[in-house]
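Report on the structure given below.
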Amino acid sequence: MAENSQIKEHTIIISLKNVEKTYITYSESLHILRGVDLEISRGEIVSIMGPSGSGKSTLLNILGLLDTYDSGVYTIADIDTSNLSAKMRQQIRLQKIGFVFQTFNLIQTLTVEQNIELPMNLLKKSQEEQHQRSAELLAEFGMTSKTKKFPYQLSIGEQQRVAIARALVNDPVIVLCDEPTGNLDEENAQIILNHLAKLKQFNTTILIVSHNPSVKEITDRNFILSHGKIQPTEPNQN
Amino acid sequence: MALLTDYYSSLTSTFFRPFPEYDQVVERGTSYIQLIPTGSSISLDFQTELDSTFQEHTIPLLIVPNSEDLLSFYNNYIFGVPISQQKELFKSLSLQQGRWPQNSDEIIVGNKYLDMKNMEVLNHNFTIVGVFFPQYSYLDRIIIVDHTKLEQLSNNVGKTSIIFISKAIEANSDKISFFEKDYPEIDVLTTSEIEELHGQIGTFMNNLTQVLSVFTAGASIIFVFSLEVMNLFSRKADFDILRVLGSSSGLILKTIIMENMILLGLGIVIGVPASVGIFSILYAFIIVKVNTEAQFFSSFSKGFRFIFNPFHWELFLQNILIISSAVFGFALLISLIGMHRYQLSQLKQKY
């Protein structure tokens with residue numbers, strides 16, 4: 001554990017320095033991010049909260065390389081993202097980032113197994129490797145019996161577990177979760193949080209954007225995003 | 001569209017064409033015309049009178065007794081033709097082996113009987129002295145016997161039922177018109193009239209083909225296009241997810257094109273033979289109906305059958321190439337339009 005702690009302290013996975021983002025519409029200019037600074041180390045679970053319109057989604061889009069920023073520096077796993085081509089951004093999304101969405105975003109025509117294997121498929125990994133990895137994750141999330149089911153045959157809690165498994169399948173350096181419990185009831189929300197908490201043992205870095213206060217039970221650090229600025233909140237008790 | 005119609009025609013004839021048997025006789029190069037389908041309604045006296053009139057006009061006779069068992073004799077076609085006129089009447093068939101008959105015990109036959117020296121017809125042994133090689137397979141079964149002999153053997157003396165005259169004689173239209181004036185109750189169909197009739201059918205079928213081709217092609221394009229656009233629209237969310245997860249726009253385009261090609265290819269594999277088959281049946285049905293209505297001799301209109309033409313590899317490969325190119329082009333077009341319309345290759349912000 002001591003060794004892990006060292007890694008945590010010294011390996012910065014995500015680094016944002018003075019990142020700014022402005023959206024210009026016909027009628028106005030919206031300065032969404034006003035110099036965001038954030039560092040997340042390997043194995044950390046971090047939450048970001050904030051009122052609606054505070055820029056959480058914009059920040060997630062930038063972190064997930066789904067959107068660009070106007071100024072500042074954003075590095076992910078020591079890769080400066082400021083001048084990346086679309087192809088490079090696509091490759092980084094595929095290899096280094098896992099995505100978990102509030103609405104799961106599973107492909108309804110693919111089975112659970114195929115959904116999980118999809119990112120590996122895009123990386124052209126062998127079928128054997130894909131099956132082996134998806135089997136590991138399905139076992140980890142207690143979904144082995146659902147391997148051949150389609151998403152619509154699963155409960156919403158199960159669908160989110162499949163989504164998390166898909167996010168982890170390529171061993172990303174960070175998993176970005178947008179309201180992972182937002183569509184779930186309390187019981188299923190707790191199950192999902194427990195699963196995310198378990199990922200700490202694998203040194204997986206997780207960033208969660210949520211309104212759910214229970215998220216703080218599993219996080220190492222919490223931030224609040226307000227008026228385009230990010231601030232740490234009180235340290236966790238656990 | 002004319003190109004499409006021509007192509008459809010070529011496609012149809014590449015694989016199979018329907019023809020009632022009569023159609024083949026007329027359309028496939030014989031130089032004789034059918035004159036009077038008479039049958040039993042004409043009295044023996046009248047028949048004799050007709051014969052003598054033909055002789056008077058020096059119109060050569062091709063006679064087939066009106067006997068069902070004779071016509072169905074081993075499914076062969078037996079024609080009774082005066083020996084003296086066989087050479088002239090059958091010159092277009094080109095006797096390619098042997099010689100023309102010199103007496104009523106000698107016959108000439110189609111090349112199906114190439115290896116035979118003798119043949120028994122109606123319990124009479126004939127010597128085969130000549131063989132011709134017709135261009136079309138059904139004619140290879142023809143047996144040409146002296147008409148007087150055939151009448152005698154089949155107990156049909158004087159019962160002429162079908163008479164053919166050569167085109168050369170038809171050209172001397174006076175003889176036909178004199179004949180028609182003398183016998184107004186006889187419906188004389190000359191080659192020109194038959195060709196005209198077939199021309200009408202042909203024109204009708206061409207028009208029908210053109211309308212059907214335009215309609216089918218238009219409807220198919222709209223249908224397939226709409227279906228594919230709906231398909232792409234319904235899967236827009238899936239493509240968005242793929243893009244977010246790290247799929248390239250090229251991979252998405254490739255996926256859509258492959259799907260389209262498989263669907264269109266399947267459609268063509270099933271659709272083309274089905275449409276050609278249905279159209280052929282329709283064509284054959286119309287020909288038979290017209291023949292019947294025109295009171296052509298019923299023994300020549302026993303319904304239709306499919307003739308499988310020799311397989312033309314060159315034409316087949318050419319068609320496959322054209323179809324494949326069309327499928328690929330259409331698949332590419334739909335995919336590009338769909339990609340552009342729904343911005344499938346663009347990265348959507350999912351948070």
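Each reported figure results from applying straightforward, stated rules to the coordinates on display, with no laboratory input. Computed from a predicted model, the values in this text were never measured in an experiment. In this analysis, Cβ positions are derived from the backbone assuming ideal geometry, glycine residues included, and neighbour counts consider all displayed protein chains.
Some observations on this one:
- Cross-link pairs exceeding 28 Å between alpha carbons, from the set A:LYS17/B:LYS236; B:LYS87/B:LYS112; A:LYS21/A:LYS200; A:LYS21/A:LYS125; A:LYS96/A:LYS229: A:LYS17/B:LYS236; A:LYS21/A:LYS200; A:LYS21/A:LYS125.
- Cβ-Cβ distance of B:ASN207 and B:LEU332, R₀ of 41 Å, FRET efficiency by 1/(1 + (r/R0)^6): the value works out to about 0.80.
- Backbone N under 19 Å from the B:MET258 label point (7 Å along Cα→Cβ), restricted to the range A:120-146: A:120-131
- Helix A:112-122 and the longest principal axis of the Cα set of chain A meet at an angle near 60°.
- Gaussian network model of chain A, Cα within-10 Å springs - most flexible of A:ASN121, A:ASN83, A:ASN203: A:ASN83
- Highest-MSF residue in chain A out of A:SER226, A:SER155, A:SER210 [GNM, Cα springs under 10 Å]: A:SER155
- Cβ-derived FRET efficiency at R0 25 Å, A:ASP37 paired with A:THR233, nearest 0.05: 0.95
- Relative contact order of chain A, defined on C-alpha pairs under 8 angstrom at six or more residues apart (%): 28 percent
- Secondary structure note: in the range A:2-232, about 55% of the DSSP beta bridges are antiparallel.
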